[in-house]
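**Q** Quick one: structure below, then a few questions.
The values are calculated or read from the model by the stated rules, or taken from the named source; none is laboratory data. These figures come from a predicted structure and were not determined experimentally. As a convention, Cβ positions derive from the backbone with ideal geometry for all residues, glycine included, and neighbour counts pool all protein chains shown.
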Amino acid sequence: MKVAVIGAGYLGTTHAAGMAQIGHDVMAVDIDADKVAKLQSGVVPFFEPELESIVKDGLAAGRLRFTGSYTEAADFADVHFLVVGTPQNKHDSSADLSYLDAAIDALCPHLSRPALIVGKSTVPVGTAERLAERARRIAPVGDGLELAWNPEFLREGFAVKDTLHPDRIVVGVESRPDSRAEAVLRALYAPLLDCDTPFLVTGLTTAELVKVAANAFLATKISFINAIAEVCEVTSANIGTLADAIGYDDRIGRRFLNAGLGFGGGCLSKDIRGFISRANELGVGDSLRFLREVDDLNCRRRRRIVDITRQECGSLAGVRVAVLGAAFKPDTDDIRDSPALDVANQIHSEGAEVTVYDPKAMDNARKAFPSLNYAFSAVDACSGADSVLVLTEWDEFRNMRPHHLSDVTRSKSVIDARNCLDPYEWRAAGWTYRGFGRP
């Protein structure tokens, strides 16, 4: 099938390369000419494991190309995936849908034959129906244009795997007797469905809600275990053992019950805030009141690390702090709403000299926080440090041993904000170790 993907960011590039990988002819569109040029030459301008390899595969096979032309995309494809950002509005917590509207306005005037637009962006419930009306009003083909919603469930760091081996595919379709959307998308995803991937067909609103509900539940689970960790800290209980014990319950499960610095990135925080905002607009805000506490708990973890660092150092003014980690999670260079950089900046604002190291996110961190210092290795970052903060759980940091740093730091103090180090090993080596919810 001939497929266009509108938007070549993390998700759009991954989706485009993934569709080419399973055999479709794909054209990805982006308004950033520099990004288009890099991608067309096989250079992915951000880090995602395995992505550059399948982009190069698609380009070499002639099944993948990148362009800045909406006209070219409209002429090329009959299925158009909308994969553009829906960030949080600057003036409130609602979603900024201007990029989606702009994509519709740029594409639809060129659609003169029957086509299917498929939204993948995370949106407030009711957006798809509005966009369908807008698209048909603008497109020359009019009612020959259909719209479906196919939310993404990709995890950064595992995006290629999640694209080629998804745990489910959800498709929301319009209620019209001549709808071909389900049949088209079943054909498009046939290689994945042949591997018994569940395929759920819903209405537009259900598909929109599936994504935000999934993110809200995940955020709640993470904040829940962090709240319990706070209780563990004042009772000498062990959050790791506690999480193992309740995780054996099939109704709960062990995944994402790891206490630590909390969540960040471009999805969870802005999605739960947008969900709350939309619920208020619909008159059911009280139903999601608990998500405010989920968000507050998450932000409180960052302040807690700053407090612990201050306790360990006595004062932050003039002390040297090494921050290991800048990305919001391992296996990505994404620093959007990064808890690590938020903590680093807070500590710096209180007068500390902060040096940051991250295996992949250094360039992005420097651009966003130029006032911080940056090092080329973990050892360099820790040189002369009064305290070492592990804020992103990269394997490089998990595998770090006390003797790697003992001769370079000024004080043997490590704050493990991700509970990824062995406290017994570090304490036995003479270090002061602080973690979350650990006795």
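**Q** Looking at ARG427, is it on the phi < 0 side of the Ramachandran plot, basic (Lys, Arg) and surrounded by fewer than 21 Cβ atoms within 10 Å (Cβ to Cβ)?
**A** It is true that ARG427 is on the phi < 0 side of the Ramachandran plot, basic (Lys, Arg) and surrounded by fewer than 21 Cβ atoms within 10 Å (Cβ to Cβ).
**Q** Next question, about the same structure. Restricting to segment 172-206, name every residue that is closer than 24 Å to GLN21 by Cβ and buried (at least 18 other Cβ atoms within 10 Å of the Cβ).
**A** ALA181, VAL184, LEU185, LEU188, TYR189
Here's the yes/no breakdown for (1) touching a Phe, Trp or Tyr at 6+ places or on another chain (Cβ under 9 Å); (2) assigned to a strand (DSSP E or B); (3) assigned by TED's automatic domain parsing to the domain that holds ASP271:
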| site | (1), (2), (3) |
| --- | --- |
| GLU72 | no, no, no |
| ASP92 | no, no, no |
| LEU107 | yes, no, no |
| SER112 | no, no, no |
| ALA128 | yes, no, no |
| ARG134 | no, no, no |
| ALA148 | no, yes, no |
| PHE153 | no, no, no |
| GLU156 | yes, no, no |
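**Q** Within segment 387-407, does at least one residue satisfy the condition of being in contact with a Lys or Arg (Cβ under 6 Å, 6 or more places away or on another chain), buried (at least 20 other Cβ atoms within 10 Å of the Cβ) and part of a loop (DSSP other than H, G, I, E, B)?
**A** Looking through segment 387-407, at least one residue is in contact with a Lys or Arg (Cβ under 6 Å, 6 or more places away or on another chain), buried (at least 20 other Cβ atoms within 10 Å of the Cβ) and part of a loop (DSSP other than H, G, I, E, B).
**Q** Of all the residues that make up segment 370-386, how many are of a type in the set (A, V, I, L, M, F, W, C) and part of a loop (DSSP other than H, G, I, E, B)?
**A** 4
**Q** Okay, moving on. Across segment 332-362, which residue is surrounded by the most Cβ atoms within 10 Å (Cβ to Cβ) among those that are of a type in the set (D, E, K, R), within 20 Å of GLU50 (Cα to Cα) and out of contact with any Asp or Glu (no Cβ under 7 Å at 6 or more places or on another chain)?
**A** Here the answer is ASP358.
**Q** Evaluate the following for PHE436: is it part of a loop (DSSP other than H, G, I, E, B), among the aromatic types (Phe, Trp, Tyr) and either without any contact (Cβ under 8 Å) to a residue 60 or more places away in the chain or not assigned by TED's automatic domain parsing to the domain that holds ARG303 (or both)?
**A** Taking the combined requirement at face value, the residue does not satisfy it.
**Q** Looking at ALA207, is it under 18 Å from the mean Cα position of the chain (by Cα) and either within 30 Å of VAL173 (Cβ to Cβ) or not assigned by TED's automatic domain parsing to the domain that holds LEU268 (or both)? Reasoning before the result, please.
**A** Numbers: under 18 Å from the mean Cα position of the chain (by Cα): no; either within 30 Å of VAL173 (Cβ to Cβ) or not assigned by TED's automatic domain parsing to the domain that holds LEU268 (or both): yes.
So ALA207 does not fit the description; no.
**Q** Further question: Please specify each residue of segment 171-221 satisfying the condition of being closer than 13 Å to THR122 by Cα, of a type in the set (Val, Ile, Thr) and in contact with a strand residue (DSSP E or B) (Cβ under 7 Å, 6 or more places away or on another chain).
**A** THR206, VAL210 - these are the residues of segment 171-221 that are closer than 13 Å to THR122 by Cα, of a type in the set (Val, Ile, Thr) and in contact with a strand residue (DSSP E or B) (Cβ under 7 Å, 6 or more places away or on another chain).
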